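For reference, the structure discussed in these notes is given below.
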Amino acid sequence: MPLNFNENIIEKTLNKKIRLSVILIVFAFFFLFLRLWYLQILKGSKYIELSTNNRIRVTKTPAPRGIIYSKNRDILVKSTPSFDLNLILQDVSDLEKTLTEVSGLLKFDINDLKKKVEKRKGHPPFEPITLRKELTWNEMSLVLSKKTDLQGLTIDVVPKRLYCLGCFAPHVFGFLGEVNQKEIQEQNGLDYSPGDLVGKYGLEKWGEKYLRGQKGGLQTEVDVLGNKKKILAEIEPVPGKNIFVSIDPETQKTAENLLKDKTGAVVALNPQNGDVLVLASSPAFDSNLFARGIKYNEWEKLIENPFHPLLNKAIQCQQPPGSVFKIVTAIAALEEKAVDKKQKFFCPGFFKLGNRRFNCWKRGGHGWMNLKQALVQSCDCFFYNLALHLDVDKIAYYAKLFGFGEATGIDLEGEKRGLVPTKKWKKKKYGTPWQKGETFNMSIGQGFLLTTPIQIATFFSGIATGVTIPKPRIVLRIEGNNYKKIFPPAVLKKISISGETLSFIQEALVLVVNSEKGTGRKARLNSVTVAGKTGTAQVISKKVDFEDKDVPLRFKDHAWFVSFAPAEQPAIVVAVFIENGGSGGSVAAPVAREIIKKYLSKN
Amino acid sequence: MFDRRLIINFDFFFLLLVLLLSFLGLMNLKSICSSYSAPLSLFYYRQAYWLLFGLLVLFVIVNVNYINIVRYAYYFHLFSLFLLFAVLFFGKTKFGSQRWLSLWGFSLQPSELAKITFILALSKFFSENISQTPYTFRDLFFPFFILLITFFPIYLQPDLGTAGIIVLIFFSMLFFLNISKKTIYCFFALVLVCLPFFWFVLKDYQKRRILVFLNPELDPLNAGYQVIQSKIAVGSGGFFGKGFMLGTQSRLRFLPEQHTDFVFSVWAEEWGFIGCLVFLLICFFIIYRSLSIAYNSKTVSGTFVSLGIAFLFFWHFLINVFMTLGLFPVVGVTLPFFSYGGSSVITFMIGISLLLNINMRKFK
C-alpha cells in the first residue's frame, strides 16, 4: 500500500488539489472575518442598542377552541374572551412601586402578587407573569386608564371555555385542565406549552385534536413601557374544528332534573341509528368550574363527594342488571328449546335446591305461571326452573350476543366492559368449579354478572328493533375550515335469534308496562305504547324481610328500568339506573316515562 | 523496539492548539452555566470530564498504527451502522427526534461516531482502488452505497444537520479523486432531473420544513427569532466584547440552545471582534495543519483520512458559525470543542488523534 510518492502522478494531482483546497478555505475564513467585521464593527452600535434593552418579543396568540353544537345547531359549548393582567419583569424599573400601585388600584393583596412574582424566579424576564386571571370590566378599565403610569403591565386576551347551559351534561362534554409534562412531551403533533389548557375528560378529551386549533404568534418590537410598537411578523391562529353532537338538549335537561337528589344514570338512544339522545349521570358538576383551571377547594369538594360526581355512571358504573337480564335467560331458554311457551311452573315464593332456599321477590308466591306471565310479573321462581335446564355457558353465549361483557365503543374515554361469567372464567379467577346455585343467581341477573347503563340501553335497542344493535354515537360530524368528517351510524352486533322468539319477548315487554299485574305499570303513557322491563339488583341478600325504611341507604337495592317507545315503531330507548333507589318499578319507571313523554312530545 | 521517530514526529504544537481551543470552549461553557441553576449549571463539569476522557482515548489511538485501523475500517463502520439502526428502534427521543442510545447510564449519539468510521471506510476504499485512469460511475458504486446506507438512518432520526455533514464530507473527499469529466456532468444532470421529482414525493409538512430550512423568515416565531437574537448577541459584542460572564443576551436567555448550537454567539458577545479573531485563527490553523498532514502523508490512505477529518472540522466550523451569524438556516451542527456534548467531544478527539497518528508515522 505505501507508495513511493515522489515519482507518482497520483500524488501530484492529489497535492495540487490539497493546495487548491487551502486557498478555498482561506477564502471561506476571510468571508467569515468580513461578516464579523460587518456585524461587530460596522453595525456594532446598532446591535448594542438592541441588546441593552432587548425589545424584540415573541408572543403566542391562542387559537379559539372549536364549538360544540347540538344536531340543530344550538351552541352548547363555546369560547369567549377573558382578560388577564400580566407583568413583564424586563419592562419594570421599580418592581416594588409597580406592585404597590397595582394592589392599591385593584385592591389585590400585595403579598399575593409578590408571591406570584417570586414563584417565577429563574424564568427569562421577558416571559409574562399572570398576576390575575379573568379581570372584570371594572378592573380592566381602571388598569387601562392608568396604563401609562404602570410600567410593564399588559392586559392579554385569553379565550375561556363557556358551557352555555351551565351544569349540563358535564359527563358528555367533560372539562379542560392544565397540560401536564407527559402531554407536552407526547405532543401528538399539537403545539403545547406549559400553562395551556387541554381536554382532560369527556368530549373535550376525545376531541382534543379536532377542537384544538393552531396557535398563532407575533414577533413585535416594544417600547420602554412594553407597549407594542411595531409588528415585525405575524402568524394568524387557526381556530379549532366544531363538533356536532347527537344529545337532545331538552330531553337531556329533563333527565337531569329527574335525577336530581338521586345517584344514578340515564341513557337514551335512538335505536335506529345509535344516536345518544341523553347521557346523564348524577350527581353532576358544572364544567364551567374548570374553564380557566379549577380552584383547589372546588376540586377537593368534587373529589371528596362520597357519590363520586366525576364518575360517569352511565358508562363506568358496573352493576348486576337484576331482572332486566331475565329477557336474556328467556331468549336462551326459547332458542335452546329448554322451555315451551305454554309450559307452567308453580311459584310458592321460593325454590329449594338441595338444602339451599332461593327466594322469589314476592314472598307469598306467584302461583302457576307461564313464561310470558313470569316476564310480566318478574317471577324469580320461574327462572330458577329454567336455570335447572340451562347451562351457564349457554346463558353467557346469548348475553354476549347482545353485547354484554364488552365495551360499546361510545366516543368517551374510560368505558367499562362489564362482566359475563362463564365456567372457564370462574375456574381461572377463583380456582373453584361453577355451582348450580350460581346459575340460579345469573338467571335473574344477580351474582357475578355486571353491566353498565349504556350496555343495557344498547341491548334494549337490539330488542326494540329486532335487527341490529347500533354502536352508540355522540359525535355526528366534525366541521372546520375546508374540513368535514361525518361519523355514519355503525352496527355493533347483528341480532341472530328467531323472529318468533323476538316478537314473543316484545309482546311480553309491552305487557310489563300495560297489564294490571305488570311490574312496570308506572311507566305507562296514554298517548303511546311503552314497552319495558324492571330490574331490582340486590346489594346484599336479605335473610329477613326489612321494612324498606329500615334499610340503610347504601344497602338499599339498585333500581333499573329500561324501555322503548312507541312499541310499534321504536324511536327511543331509555335506560334508567338509580343507585340504592329501591325497586325498579316504583323508582326508575316513572323517570323513564317522563323522558319518553318529553322526547316524543316534541318529535 | 520503540521507534524514537514516533516521539520526534509527535506534533505537540498541534495538540496544544487543540487543548487551547478546548480550554476556551470550557470557559465559554462556564459563562453560560453560571446563569443557570442546579442541573443545567453542571454541564461545564461534565464537559471537562469528557475532555479528559477524550484525551485518554487520544493517547490510546495514537499508539495503534493507523494503517491497522484503516485495515479494519469496514468493520468499524459496520458497527456504527449497527448502532445507527439500533437507535431507530430502541433510541431515546428528545425534542422530537430519536438520536440517543442508552448504554450503561450514558447517552450515546451514534451519528457522531459514524462520521469518523465513515471517513475511515471511504479512505480504505479510495486508497485500495486508486488508479491512474479517471473514475467512472461504475467505480464509484460502492462509495455511493456506503453514503446512502449511512445517510438514511441519520436522516430518519431525523438529524438533518449530521446527515448534511455526511454528504458534504463525501463530496469533499470525492473532490480529491480523479473522476472522469463525463461522470461529473452526468451526475449533475441526474441531480437536476431528480430534484423536481423529489418535490412531488414529499408530504406537505416535509415541504414546509424544507422551505423553512431554506428561508427561516417563514418561521419568524421560532427559527427566525433565534437568528435575530443570535445576530444581536454577536453584533452587540462590538470590538472588545462585553467581558467574561457579562453577556446580557445569554444571561437573560434570549439565546436559544446556548450550550450546543449557539455557543459561538455567547463567545462573540462576551469577547467581541478580538475574541472572534483569535477563535478563527485557531480554527484555521487546525484545518490548515490537517491539510498539511494530508500533504505530507506517505500513504494514500493516510492522506484520505486526514483530508476527511480536515473537512469534518471545516464544515462543522463553517456551518455552525454561518448559522449564528445569520448566513445559514438553523440546523443542529455543533461547534467542535465549544459545543456541549460527550459524543461530540469524543468524536473530535478521535479525529485529532488520527491526525497525530498519521503525522507520527510519516517517515515509515
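Points to keep in mind about this one:
- Gain in span if fully extended, B:LEU16 to B:PHE200, counting 0.36 nm per residue against the direct Cα distance: 61.1 nm
- R0 of 41 Å, Cβ-Cβ distance B:LEU190-B:PHE244: FRET efficiency to nearest 0.05: 0.20
- Across peptide B:311-319, the mean count of Cβ atoms from other chains lying within 10 Å of each residue's own Cβ comes to 2.
- Relative contact order, percent, segment B:241-304 [alpha-carbon distance under 8 Å, six or more residues apart]: 29
- Packing-based order for A:525-537, A:166-178, using average beta carbon neighbours within 10 Å, highest first: A:525-537, A:166-178
- Residue list for segment B:123-148, given a label point 7 angstrom along the Cα-to-Cβ vector of B:LYS182 and an amide N cut-off under 12 Å: B:134-138
- GNM flexibility winner over chain B from B:GLU128, B:GLU112, B:GLU270 (Cα, springs under 10 Å): B:GLU128
- The mean number of Cβ atoms from other chains found within 10 Å of a Cβ in peptide B:294-304 is 4, as a whole number.
- In this rough spin-label picture, where each label sits 7 Å from Cα along the Cβ direction, the A:VAL26-B:PHE175 distance is 1.5 nm.
- Per-residue ellipticity at 222 nm, computed for the protein assembly as shown from helices alone with -39500 (n - 2.57) per DSSP H run of at least four residues, works out to -15000 deg cm²/dmol.
- Debye-sum result for segment B:72-338 in log10 I(q)/I(0), which assumes one identical scatterer on each alpha carbon, at q = 0.08, 0.10 Å⁻¹: -0.39, -0.61
- When each of A:LYS107/A:LYS241; A:LYS301/A:LYS426; A:LYS114/A:LYS241; A:LYS337/A:LYS494; A:LYS78/A:LYS147 is checked by Cα-Cα distance, pairs over 29 Å: A:LYS107/A:LYS241; A:LYS301/A:LYS426; A:LYS114/A:LYS241; A:LYS78/A:LYS147
- When only Cα pairs below 8 angstrom with a gap of at least 6 residues are kept, segment A:403-532 shows a relative contact order of 18 percent.
- For chain B, a Gaussian network of Cα nodes joined below 10 Å ranks B:LEU221, B:LEU15, B:LEU78 by mean-square fluctuation, and the top entry is B:LEU221.
- Average beta-carbon neighbours from other chains, 10 Å sphere, peptide B:235-244: 5
- Using the Cβ-Cβ distance between A:LYS116 and A:LYS423 with R0 = 51 Å, the FRET efficiency computed as 1/(1 + (r/R0)^6) comes to roughly 0.20.
- Karplus-derived 3J(HN,Hα) values for segment A:73-89, using 6.51 cos²θ - 1.76 cosθ + 1.60 with θ = phi - 60°, are 6, 6, 7, 9, 9, 9, 10, 10, x, 10, 10, 10, 9, 10, 10, 10, 3 Hz; glycine and proline are entered as x.
- Distance between the 7 Å Cα→Cβ label points at A:LYS146 and A:PHE307: 4.6 nm.
- Placing a label point 7 Å from the Cα of B:PHE90 along the Cα-to-Cβ direction, the residues of segment B:107-143 whose backbone N falls under 16 Å from that point are B:107-111.
- With the simple model of a label 7 Å out from the Cα in the direction of the Cβ, A:THR100 to B:LEU6 spans 7.6 nm.
- Highest-first arrangement of A:571-584, B:167-180, where packing means the average Cβ count within 10 Å: A:571-584, B:167-180
- Relative contact order (%) - criterion: Cα under 8 Å, at least six apart; region: segment B:72-338: 19
- Dividing the C-alpha radius of gyration of the protein assembly as shown by 2.2 N^0.38 Å, with N its residue count, gives 1.29.
- Per-pair calculated FRET efficiency, R0 = 45 Å: A:ASP286 and A:SER503 via Cβ, rounded to 0.05: 0.50
Quick note: the coordinates plus some simple rules give every number you see, no bench work behind them. Since the structure is predicted, the reported quantities are computational estimates derived from the model, not experimental observations. Backbone-built Cβ (ideal geometry, glycine too); neighbour counts: all protein chains shown.
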